[in-house]
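Report on the following structure.
The values are calculated or read from the model by the stated rules, or taken from the named source; none is laboratory data. Worth saying up front: this structure is predicted, and the values here are computed from it rather than measured. As a convention, Cβ positions derive from the backbone with ideal geometry for all residues, glycine included, and neighbour counts pool all protein chains shown.
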């Protein structure tokens, strides 16, 4: 049974530094690739015979992903933030940087509202949504949707052409990331590809729009752990996971951008489909619990 600290699943605290460092790498790599970090955080411990680190660990690790995204896209982030502040000071409300800031804020509203409503179900210990069959089905559904986006869409648009409806669609797609197995990067990348963006521009657009959501998710979970009076040992273990997660997340972004620039998202489609089928089959065969 998972360790619980005032209703918050803190199973990661009992895993120790070495195991959490390893899981931090797994979480970091899979968090920003469109292959579902939750699926891997359930499968890898199960294969190794370790306890489930819990939803709180995955959510807190959003802070590592945030650091990686901001670092990799620092030029975009600094230009949007600095340009928006200058535009506001000069009352230039048609400034493209200020417009992008508005799109980012708009895209954050849907997942913020949905997150507050669904938090009790998603973060509960032994949540049915974190069961392996449920995650396997989510992986298969997202593989099909990503394949559809690759086949049906024209990949010609750049981020400069993004408008209000685009931000709204990607923002709504982020809600799917609350379901284990869907993947935030997977759902938003699929939406952006479906809107006709070039593959690398779709990834860039989805990451930038997702920055506030990633930041809020990480901060909220860290605050919940604080309110739950996580032990000093627990904080130390989590810190190790965050360091390894941030480094591996940066590598994951670099890999994703190279694959999308030179190839397509088909490798991720195939991987997700195989993973989904394997999870469902292994679960019903009793190979994984």
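Things worth noting here:
- Unmet criterion (only one of (1) part of a helix (DSSP H, G or I); (2) at positive phi) for residue 45: (2)
- Flag not set for residue 151, criterion: surrounded by fewer than 24 Cβ atoms within 10 Å (Cβ to Cβ), within 20 Å of residue 57 (Cα to Cα), at pLDDT 90 or above and over 18 Å from the mean Cα position of the chain (by Cα).
- Of all the criteria given as (1) touching a strand residue (DSSP E or B) at 6+ places or on another chain (Cβ under 6 Å); (2) under 15 Å from residue 249 (Cα atoms), the one not satisfied by residue 59 is (1).
- Some residue of segment 220-231 being surrounded by fewer than 21 Cβ atoms within 10 Å (Cβ to Cβ), in contact (Cβ under 8 Å) with a residue 12 or more places away in the chain, out of contact with any strand residue (DSSP E or B) (no Cβ under 7 Å at 6 or more places or on another chain) and under 22 Å from residue 71 (Cα atoms): yes
- Unique match (being touching a helix residue (DSSP H, G or I) at 6+ places or on another chain (Cβ under 7 Å), modelled with pLDDT of 85 or more, part of a helix (DSSP H, G or I) and more than 25 Å from residue 206 (Cα to Cα)) among 20, 29: 20
- Selection within segment 156-178 - touching a residue at least 60 places away in the same chain (Cβ under 8 Å) and within 27 Å of residue 139 (Cα to Cα): 166, 167, 168, 170, 171, 172, 174, 175, 177, 178
- Those residues of segment 231-283 which are part of a loop (DSSP other than H, G, I, E, B) and more than 21 Å from residue 61 (Cβ to Cβ), in sequence order: 263, 264, 265
- Checklist (1) in contact with a strand residue (DSSP E or B) (Cβ under 9 Å, 6 or more places away or on another chain); (2) over 21 Å from residue 28 (Cα atoms); (3) surrounded by 22 or more Cβ atoms within 10 Å (Cβ to Cβ) applied to residue 193, failing item: (1)
- Residue 249 vs. criteria surrounded by 14 or more Cβ atoms within 10 Å (Cβ to Cβ), within 18 Å of the chain's Cα centre (by Cα) and without any contact (Cβ under 8 Å) to a residue 40 or more places away in the chain: no
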